[in-house]
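Report on the following structure.
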Amino acid sequence: MRKRQFLAVLGGGVVLAAAGASAAFVFTRRPDRALAPWARAGMAGQDPRRMALSYAILAPNPHNRQPWLVDLRVEDQVTLHVDTTRLLPQTDPHNRQITIGLGCFIEQMAIAASTQNYRLDVSLFPDGSDPQALDGRPVAVIRFEKDPGIAADPLFQRILARRSLKEPFDLTRPVPDEVLAALGATVRHGALAGSSNAPATVATLRALTHAALELEINTQRTYKESVDLLRIGKAEIDANPDGIDLGGTLFDSLAALGQLSREQALDTTSAAFAQGRAALLANTDTAMAHIWLTTPGNSRAEQIAAGRDWVRINLTATALGTGLQPLSQALQEFPEMAGHYRQAHKMLSPDGGTVQMLGRLGYASAVEPSPRWPLDAKII
Ligand SMILES: Cc1cc2nc3c(=O)[nH]c(=O)nc-3n(C[C@H](O)[C@H](O)[C@H](O)COP(=O)(O)O)c2cc1C
């Protein structure tokens with residue numbers, strides 16, 4: 001333990017001096033139950049589908065809603081559905097981002113399956129889909145086909161270490177051109193990757209992502225959507241291992257001291273609000289490079305493709321020791337965001353198309369994984 005710890009509310013911010021918590025106490029505040037799926041990946045028994053799914057559930061996804069549900073009743077097949085109780089209606093009104101998260105899930109399933117010589121035959125939205133809203137129809141029917149010729153995807157080695165790194169980045173460490181080139185080269189599902197570490201572009205995108213995040217926070221209903229998903233302290237995180245987790249000794253202590261609650265986070269006059277907001281904005285302001293993914297149209301299939309390519313970028317960044325955090329606000333479709341949405345599209349996709357993902361790159365210390373529901377909670 002450092003003598004002083006800086007801790008974050010809503011991802012960073014309340015700067016609080018805390019001295020001398022014992023290692024044993026710190027250890028016991030880890031939400032072990034919520035993190036268990038990371039330790040149990042690959043131990044799901046003999047069924048290759050369960051093995052692959054035990055890695056798929058570790059995929060990145062918006063606000064860690066984990067909106068996936070799988071049906072294993074047909075042999076050698078995974079039928080993937082979306083859990084329509086786990087959408088984000090305010091910030092993701094057409095479920096575009098939720099669909100991207102399902103694409104990340106499919107890709108990690110495919111990567112894991114490749115290590116057991118299974119190729120996945122993925123049929124997307126076999127009963128059709130609605131561009132306005134996801135519904136109970138299957139998102140994908142995925143057949144597991146044994147193929148001795150298929151090589152294990154080396155990105156498999158990075159699944160357990162991958163994070164969305166929500167920490168301020170080191171302003172003294174630039175992201176080299178070679179890293180951007182390697183990230184751009186890893187996409188293979190049809191999304192187009194763009195990136196920049198040029199100071200002028202980074203400055204413009206820092207300002208844009210900052211303004212868009214500020215707008216989301218200042219819009220009561222979109223901000224409340226996040227606050228409602230806060231899980232504060234070990235007990236809440238273990239009970240609901242999803243959403244925005246504020247774990248660890250100091251968050252637990254703050255909550256116990258009555259210094260941190262959902263009510264305080266919502267109160268725009270409180271210290272918790274001011275400090276949480278400042279910490280979130282510190283992330284946008286320390287981007288050292290940006291990367292984005294565009295697709296020519298905005299079909300459900302393209303959203304899935306963007307998710308598959310995004311997680312490949314995230315896993316490749318992990319292999320290269322580079323931190324990546326999505327910054328999605330400027331890409332969101334709620335009406336108040338329209339100005340930033342237009343600016344982001346004009347800048348990143350000037351010839352038309354949809355910017356599906358935008359993230360910042362840089363370097364920061366490693367963080368714990370985020371919570372997950374166990375696989376069995378996700379099987380219909
Ligand atoms: C489509 C999509 C959009 C996301 N947007 C954001 C974002 O705007 N800000 C952010 O900090 N994380 C964002 N994330 C990352 C998720 O919050 C993260 O994946 C989730 O909390 C699980 O954490 P992990 O990726 O570290 O496992 C996004 C992820 C996806 C797939």
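Remind me, what semi-axes does the chain give for its equivalent ellipsoid, largest first in whole Å, using sqrt of 5 times each Cα gyration tensor eigenvalue?
31, 25, 21
Please give the net charge around Leu229, taking every other residue with its beta carbon less than 9 angstrom from that of Leu229, where Lys and Arg add +1 and Asp and Glu add -1.
-1
So what's the projected area for region 272-380, the Cα convex hull averaged over all directions, in nm²?
Answer in nm², one decimal: 9.8.
To make sure I understand the rule: partners must be aspartates and glutamates, Cα under 15 Å from the Cα of Lys234, and not fewer than 8 residues away in the same chain. Which ones qualify?
Asp32, Asp242, Asp245, Asp252, Glu368
Starting at the first residue of region 308-319, write each ³J(HN,Hα) from the Karplus equation 6.51 cos²θ - 1.76 cosθ + 1.60 with θ = phi - 60°, in whole Hz, x for Gly and Pro.
4, 6, 4, 5, 5, 4, 4, 5, 5, 4, 4, 4
I'd like the FRET efficiency for Lys146 and Ala239, computed as 1/(1 + (r/R0)^6) with the beta carbon distance as r and R0 of 51 Å, rounded to 0.05.
0.80
With a 10 Å Cβ neighbour count serving as the proxy for reagent exposure, in which order, fewest first, do Thr204, Thr294, Thr269 appear?
In order of increasing Cβ crowding within 10 Å: Thr269, Thr204, Thr294.
Please arrange Asp238, Asp309, Asp130 by counting, for each residue, the other beta carbons lying within 10 Å of its beta carbon, fewest first.
Asp130, Asp238, Asp309
So what's region 115-253 giving for Rg/Rh, alpha carbon basis, Kirkwood Rh from the mean inverse pair distance?
1.02
For Met357, what residues show an amide H to amide H distance below 5 Å, using hydrogens built from the backbone and excluding near sequence neighbours?
Excluding prolines and chain starts, which carry no amide H, the hits are Leu293.
For each of Tyr363, Tyr55, Tyr118, count neighbouring Cβ atoms within 10 Å of the residue's Cβ, then give the residues from fewest to most.
Tyr363, Tyr118, Tyr55
I'd like the projected area of region 191-349, averaged over all directions, using the convex hull of its alpha carbons. Report it in nm² with one decimal.
10.8
So, counting K/R as plus one and D/E as minus one, what does the shell of residues with Cβ under 14 Å around Asn298 add up to?
Local net charge: -2.
Per the helix-only calculation at 222 nm, which mean residue ellipticity applies to the chain, given -39500 (n - 2.57) for every DSSP H run of n ≥ 4 and division by its residues, nearest 500 deg cm²/dmol?
Calculated mean residue ellipticity at 222 nm is -11500 deg cm²/dmol.
Please give the peptides 188-196, 312-320 ranked by average Cβ packing (other Cβ atoms within 10 Å per residue), highest first, as a rough proxy for protection.
Ranked from most to least packed, the peptides come out as 312-320, 188-196.
Which lysines, on any chain, are close to Lys224 with Cα under 21 Å apart, when same-chain ones fewer than 8 places away are left out?
Straight-line reach from Lys224, under 21 Å: Lys166.
Cβ neighbours within 10 Å, averaged per peptide: list 276-282, 73-79, 143-149 in order, most packed at the top.
Put in order of decreasing packing, that is 276-282, 73-79, 143-149.
Read the figures in this text as sums done on the coordinates, not as results from a lab. A quick note: this is a predicted structure, and the numbers were derived from the prediction, not measured. Cβ: placed from backbone, ideal geometry, glycine included. Neighbour counts: every protein chain shown.
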